[in-house]
Amino acid sequence: MNKRKERIIRYLFTALAFASLVFLVGIVFVLFREALPIFGKVSPKAFLLGKSWYPTSSPPEFGILPLILASLWVTLGALVICVPLGVGSALYLHELAGPRQRALLKPVIEILASVPSIVYGFFGMVILAPFLQDTFNLPIGLCALTTSIILGVMATPTVASIAEDALSYVPRSFREASFAVGADRWQTLTKVIIPAAGSGISTGIILGMSRAIGETMTVLMVAGGSAVIPHSIFDPVRPMTAAIAAEMGEAPVGSDHYHALFAIALMLFLITFAFNIAAELISRRFRLKLGLSR
Amino acid sequence: MKRRDIVQKLGFSALFACMAANIVFLGGIVFFIAARGLGSINWAFLTQAPRDSMTAGGVAPVIAGTFYLTLGAIIFALPLGVASAIYLTEYSPRGWIVNLLRISINNLAGVPSVVFGLFGLTVFVKYMGFGVSILSGSLTLGILALPVIISASQEALTAVPQSIREASLALGATQWETIRRVVLPAALPGILTGVILSVGRVAGETAPILFTAAAFYVKGYPHSIFSEVMALPYHIYALMTEGTHPEEQTRIAYASSLLLLALVLSVSMLAIYIRARQRKTYNA
């Protein structure tokens, strides 16, 4: 009797544990199902490489190249900020901060990570955009530059905390060996510790990128929204997430526009999925390299 | 001073500057929003409903909306998340299952929030027919919170010493009795940390509720799980992008942002505090 009860409970937990997988598969299924009809109207090639996104004009044009390039453009800009700041903060925490400083600074990074994206967006819209517009004498403050800065700040905590984890896995003996042959702290850091933690740090950078490219509310409020191929960092742009969030409310259910928006979401999902898998593979290799079991 | 000493000094200063930048960002955001939002927050703002087409009044029903959405998401995600964590740590399934589930959890955590919104729109709003409602929004937000709760619970369960489990099993308790009476109580504070962290995350999310729950304006308080709601994050977005009185609306948006920021930051500080205490107990 007792044994049967134990077995039922075990089955129950097994079933519940598969929920994450079910949701992930469900998301993929929904995206494909709702996206595929658009490819009956527009060829995948024309969809991905088409240079004009005019979903509501007649005849409508569904080329998402400007949206993809906008996403990549602002993400690239964000990387310029979040890689040095994130990795630098991680190195500072790991190398220079004493226990008391760490106890104070690590929460700062975590709290920065928990600021809601709508607050970042609002801040970008009312404070940063007017400031940049005045400083650089721009025609419009809501542009790729503003977006990149905010996205960079948002991605910094992700990069910093994963890089810090990676640094803490580097065995003490590496450092001691380096000191023993006469290297100073900076040389040890740049020539021994950073290379040893390199793939762990790159995992952090990839996940930071993934966060930046999937960010929605910030880009919706700050990027400026014009669906043209960006030529400079001062151009207003419309990244993929912004297009979905801004247009889904107006697209009639089942229309071409509706399916096209799902197809953008599918693209976005595939990009972030690839990033996450890459991060997973690199971090696995990193753990093998340092002989860690996890 | 040798050249390499100068290099080291410069390098360390650069690292310090990177760290300091984080503090400047956090401080800047909190300072600007607090400085311009604090003036509009008073008792009336917290207890009244918006009126005069969103240019006056308060945000009480908006706060209520965020409360219901968050509560619903946790009710949905907590049992699922804790059960997943228990399965992964206590029942130690075969290697490939662990890997498969870990990869799905990691990937679910990396799905862009707007994609969750589309999933919720298709499945909960349309297919299941819940409409744009608290229920649809809560379920969507719950899926988003799931990975956070799973990983915090897993950490909490792994931290429970193996010897306690063995002692319980040695006394003749079954595995389920051991989990229920011994392991779960010991892991409870850690699981709680995960819940608090996910509350912070869920309360601030906007994109998942755009198409599943949120409305620009609803009269009065939500009265059933099938009502559309106003929610604090969406309220800020709506104030900044819709309506016809930008100046007045921006003032209310500042106050709402400050409120949301205070709510989310205090919730995550609480979680960080509990976790720090927790880790201290285990290390001692």
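Only a single criterion out of (1) buried (at least 23 other Cβ atoms within 10 Å of the Cβ); (2) not in a helix (DSSP H, G or I) is not satisfied by A:Ala160, namely (2). Restricted to the stretch A:123-159, and to residues there that are among the small types (Gly, Ala, Ser) and under 14 Å from A:Val83 (Cα atoms), the residue that is nearest to the other protein chains (Cβ to nearest Cβ) is A:Gly152. Once the stretch B:236-284 is narrowed to residues that are of a type in the set (S, T, N, Q) and touching a helix residue (DSSP H, G or I) at 6+ places or on another chain (Cβ under 7 Å), the residue that is nearest to B:Ala187 (Cα to Cα) is B:Gln278. Comparison of B:Thr178, B:Thr158 shows that the only residue that is hydroxyl-bearing (Ser, Thr, Tyr), buried (at least 18 other Cβ atoms within 10 Å of the Cβ) and in a helix (DSSP H, G or I) is B:Thr178. Working only within the stretch B:105-122, note down all residues that are within 19 Å of A:Thr216 (Cβ to Cβ) and within 7 Å of another protein chain (Cβ to nearest Cβ). B:Asn107, B:Leu108, B:Gly110, B:Val111, B:Pro112, B:Ser113, B:Val114, B:Val115, B:Leu118, B:Phe119, B:Thr122, listed by residue number. When the stretch B:252-271 is filtered for residues that are crowded, with 18+ Cβ neighbours inside 10 Å and out of contact with any Leu (no Cβ under 7 Å at 6 or more places or on another chain), the ones remaining, listed by number, are B:Tyr254, B:Ala255, B:Ser257, B:Leu261, B:Leu263, B:Val264, B:Leu265, B:Val267. Note on the stretch B:181-224: residues that are polar (S, T, N, Q), in contact with a Ser or Thr (Cβ under 7 Å, 6 or more places away or on another chain) and not in a loop (DSSP other than H, G, I, E, B) amount to 0. Among the numbered conditions (1) under 22 Å from B:Arg36 (Cβ atoms); (2) surrounded by fewer than 15 Cβ atoms within 10 Å (Cβ to Cβ); (3) over 14 Å from the mean Cα position of the chain (by Cα), the only one that B:Leu239 does not meet is (2). Number of residues in the stretch B:48-82 that are at pLDDT 85 or above and either over 19 Å from B:Pro222 (Cα atoms) or in a helix (DSSP H, G or I) (or both) equals 23. Taken over the stretch A:34-49, the criterion of being surrounded by 12 or more Cβ atoms within 10 Å (Cβ to Cβ) and either within 25 Å of the chain's Cα centre (by Cα) or in a helix (DSSP H, G or I) (or both) is satisfied by A:Glu34, A:Ala35, A:Ile38, A:Phe39, A:Lys41, A:Ala46, A:Phe47, A:Leu48, A:Leu49.
Looking only at the stretch B:89-104, decide whether some residue is crowded, with 23+ Cβ neighbours inside 10 Å and either more than 7 Å from chain A (Cβ to nearest Cβ) or out of contact with any strand residue (DSSP E or B) (no Cβ under 8 Å at 6 or more places or on another chain) (or both). Let's see the steps before the verdict.
Taking the stretch B:89-104 as the starting set, the residues that turn out to be crowded, with 23+ Cβ neighbours inside 10 Å are none.
No, every residue in the stretch B:89-104 fails to be crowded, with 23+ Cβ neighbours inside 10 Å and either more than 7 Å from chain A (Cβ to nearest Cβ) or out of contact with any strand residue (DSSP E or B) (no Cβ under 8 Å at 6 or more places or on another chain) (or both).
Of all residues in the stretch A:163-181, those satisfying the criterion of being of a type in the set (A, V, I, L, M, F, W, C), more than 18 Å from the chain's Cα centre (by Cα) and part of a helix (DSSP H, G or I) are A:Ala166, A:Leu167, A:Phe174, A:Ala177, A:Phe179, A:Ala180. Mind checking whether some residue in the stretch A:105-113 is more than 23 Å from the chain's Cα centre (by Cα), basic (Lys, Arg), on the phi < 0 side of the Ramachandran plot and assigned to a helix (DSSP H, G or I)? Scanning the stretch A:105-113 turns up no residue that is more than 23 Å from the chain's Cα centre (by Cα), basic (Lys, Arg), on the phi < 0 side of the Ramachandran plot and assigned to a helix (DSSP H, G or I).
Put simply, of A:Pro130, A:Pro99 the only residue that is farther than 27 Å from B:Ala262 by Cβ and of a type outside the set (A, V, I, L, M) is A:Pro99.
The values are calculated or read from the model by the stated rules, or taken from the named source; none is laboratory data. Only a predicted model underlies this, so the values are computations on that prediction, with no experimental measurement involved. Neighbour counts are summed over all protein chains in view; Cβ atoms, including those assigned to glycine, are modelled from backbone coordinates with ideal geometry.
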